[in-house]
Structures are given as C-alpha cells and as structure tokens.
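These notes are about the structure you will find just below.
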Amino acid sequence: MRKYERKLLPTAAEILWKAVIIALTVTGVYLQARDDGGLFRSNTYLYFTVISNSGTAVISAVFLILETAERLRGKYYIPKRLFTLKYMFTAAMFLTLIVSSCLLAPFKDRAYLLSMKNLCLHIFAPLASVVDFLAFDKRFKCRKRTVLMGFVLPLIYLAVTLLLSIKGIMYSNGTNYPYYFLNYRSLGWLTLSGGNIGVAWWLMIVAVMTGIASALLLRLKRIICKRNEKKYSIPRYKY
C-alpha cells in the first residue's frame, strides 16, 4: 500500500460518526413506527423519509464494520460501488431534509416540529449523513454523471408508491397516498386552477429539488476531493 493510500484509511472519528448516524436514524424510525402503531404493525416503512433513514442506518452499519476492519488491518475492503450506493442514500437524506423543510414543515404544528421524532428523521440524521459524506468519504470518486444516481431512489419510490396507491394500499396517515402532493385523485395531474396544482407539477418541483440536492453534494465533495489531493499527495484525478 502506497503512503498516500495509508493516509486514506478511515480514522476513529469516521467510525464513531457512523455510530452517531445509526443512533439518530434508528431513534427516528423507532419513534415514528411506535406512534404509527408499532414496529411491525404499521405502514410506516412505506414513507420515503423512513426508507431513506432505514437504508442509511443499514449502509452506515456496513461501513462501520468495514472501516473498522480497514483501520485494524491496514487494507481496503470497501468497493467503489458501495461508495456510490452510500452517495445515493445521502442524496435521498438531503432530499428528505429539503422537502420536509420546504413542503411539509409549513403544515405541521410547533409540537411536532420540535419533537425528537421529527428532528431525528428530518434534520439531525440527514445533516449527519451529509457531513459524513463530505468530510469522511475520502475515497469517493466524483464524476459528473454520478449526479444522475441521486435520482434513482426517488424514481423507484415514485413508481412503487403510485402502484401501491392504485392497488388501494393505506398509509399510516389514513389515506392511500403518503404525501399530499402525490394525491392525484384530489389534485389531478395537470391542474393549474383554484389555488391548486396537479401532481405532475409537484413532481417537477421535487425533481428540481432532487437535482439541486444531488448536484450540490457533488459540487461540495469535488472541492473537498481536490483539497485532499494536496493534503494527502494523491496523484491527480480528474473530477
């Protein structure tokens, strides 16, 4: 292993930060599921917020184990594709933060906004994930096309959600749609009247938010990667 490669091995801070993320995501999901009727008796896990938090908890646990092994043995075990998958969940968490703050928070009461459930799911865990990605994933490769990976999870979620809605599956909010802007039965698809806009327009808004979240993450990461090249004397990589 080259000298600069040894410098890219995970630090104790990286490993501990993964534990923090796991604690925040698990706490948020547990509190949400508890309030919705129980860990195994609710449709809590059909929400994008809960899915992104749960996925982040799992991949953070995987990274925690592999990074611990890397630190102890001085070898790389985390493949490049796993870094990409982690970026996808980080982008999903960042999107959760943006959508909840811009589209959902205005309709929530103060008690909910200040609850530990909301703070963990929508604020603390997403921010911790973003910090982890930007500060610690030193071996992540920033490519322009990677921004498209930020759309994968939201698109899969949209397709599955619309299918479940058509099937009549009920969510824990008592309706068959998880978020008000996906209620195509009430809003229609291309509505632009009566103070309402159709689901197609809402999807365009969310798509823009997704693009901003994904691009911003990569832009900031690219800046940090270039600094790391100088700090760790890494051979020039085209970002």
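Please sort 92-99, 129-136 by packing, taking for each peptide the average over its residues of neighbouring beta carbons within 10 angstrom, highest first. Don't skip to the answer; put the middle values down first.
Details: 92-99: 24.0, 129-136: 19.0.
Result, highest mean first: 92-99, 129-136.
Counting only protein heavy atoms and a probe of 1.4 Å, the accessible surface of the chain is 67% carbon and sulfur. Remark: the chain projects, on average over all directions, an area of 14.2 nm² (convex hull of Cα atoms). Under a model in which nothing but the beta-carbon of Lys, Arg (+1) and Asp, Glu (-1) is charged, the stretch 136-239 shows a dipole of about 1140 debye around its Cα centre.
Computed over the chain with a Gaussian network model linking Cα atoms closer than 10 Å, the most mobile of 191, 27, 44 is 191.
When the pairs 80/221; 80/226; 18/167 are compared against a 27 Å limit on Cα-Cα distance, 18/167 fall above it. When the Cα positions of 149, 192, 162 are compared along the charge dipole of the stretch 100-239, 149 comes out farthest toward the positive end, with charges on each C-beta of Lys, Arg, Asp and Glu.
Which residues in the stretch 126-140 have a backbone N closer than 16 Å to a point placed 7 Å from the Cα of residue 84 along the Cα-to-Cβ line? The answer is 139-140, whose backbone nitrogens lie closer than 16 Å to the label point.
How much length is gained if the chain between residue 116 and residue 76 is pulled fully straight, taking 0.36 nm per residue apart and subtracting their Cα-Cα distance, in nm to one decimal? Write down the numbers at each step before the final one.
Working: separation 40, 0.36 × 40 = 14.40 nm, distance 3.66 nm.
The span from residue 116 to residue 76 would gain 10.7 nm if fully extended.
Estimated purely from DSSP H runs of n ≥ 4, each contributing -39500 (n - 2.57), the mean residue ellipticity at 222 nm for the chain is -20000 deg cm²/dmol once divided by its residues.
The values are calculated or read from the model by the stated rules, or taken from the named source; none is laboratory data. Because the structure is a prediction, the values reported are computed rather than measured. When we count neighbours, we look across all protein chains shown, and the Cβ atoms used for this are built from the backbone with ideal geometry, even at glycine. Heavy atoms of the whole protein, side chains included, go into the accessibility calculation; ligands, DNA and RNA do not. Shrake-Rupley method; radii C 1.70, N 1.55, O 1.52, S 1.80 Å.
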